[in-house]
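Below is one structure; the comments refer to it alone.
The values are calculated or read from the model by the stated rules, or taken from the named source; none is laboratory data. This is a predicted model, so every value here is computed, not measured. Backbone-built Cβ (ideal geometry, glycine too); neighbour counts: all protein chains shown.
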Amino acid sequence: QEHVIQFAIKDWWISDLNSFLSGSTSTHNIDAVQDSAVLILERGARDHLLEAVPKMERFFRLLLEANYVATHKRINDSLSASAEERYLAFIQTYPALVEQVPQSQIASYLGITPQSLSRIRKELFRKG
């Protein structure tokens, strides 16, 4: 069974950060639903880049901080927010993806069935 754990929109980076930092084999797949530029950066090359270009160290630190904040927000939301609240947060975070990504993938990301997502969407439409 497929589980969608993250989306990335234009100009975002996406990776299996745990695998990258730990050096372990990734258990995740990354699928592009639009034309995308793919950058392959091995850990050793990144470390060399950080030593050679100090501003890149700041860039990667800020990237890691943003990832940490987003991950913990996602965990907290999945534990405490209703499915409707999670969907509304998804719409706010990823407005362009609502019509571009299959509803089954959005439902997987939200941790609900496609049928539940359909009910939520109908209810929100009814509310106006």
request  = Please find, among Phe90, Phe60, the residue that is at pLDDT 90 or above, more than 30 Å from Lys127 (Cβ to Cβ) and touching a Leu at 6+ places or on another chain (Cβ under 8 Å).
outcome  = Phe60
inquiry  = Let me spell it out: the conditions are (1) at pLDDT below 90; (2) farther than 30 Å from Phe125 by Cβ; (3) surrounded by 13 or more Cβ atoms within 10 Å (Cβ to Cβ); (4) not hydroxyl-bearing (Ser, Thr, Tyr), and Ile9 meets all of them except one. Which number is the exception?
reply    = (2)
message = Out of everything in the stretch 81-106 that is assigned to a helix (DSSP H, G or I), of a type in the set (Ser, Thr, Tyr) and over 13 Å from the mean Cα position of the chain (by Cα), what residue ends up being surrounded by the most Cβ atoms within 10 Å (Cβ to Cβ)?
response = Tyr87
ask   = Taking the stated definitions as given, is Ile40 assigned to a loop (DSSP other than H, G, I, E, B), of a type in the set (A, V, I, L, M) and touching a residue at least 12 places away in the same chain (Cβ under 8 Å)?
value = no
message = Show the residue pairs meeting these rules: Cβ distance below 7 Å; 6+ apart or different chains; first residue within the stretch 52-80 and surrounded by fewer than 11 Cβ atoms within 10 Å (Cβ to Cβ); second residue assigned to a helix (DSSP H, G or I) and modelled with pLDDT under 95.
response = none
ask   = Which one of these does Arg121 not meet: (1) at pLDDT 95 or above; (2) not in a helix (DSSP H, G or I)?
value = (2)
ask   = Across the stretch 107-119, which residue is farthest from Ser82 (Cα to Cα) among those that are touching a residue at least 24 places away in the same chain (Cβ under 8 Å) and touching a helix residue (DSSP H, G or I) at 6+ places or on another chain (Cβ under 8 Å)?
value = Tyr109
remark   = Note on the stretch 1-31: residues over 12 Å from the mean Cα position of the chain (by Cα) and of a type in the set (A, V, I, L, M) are Leu21
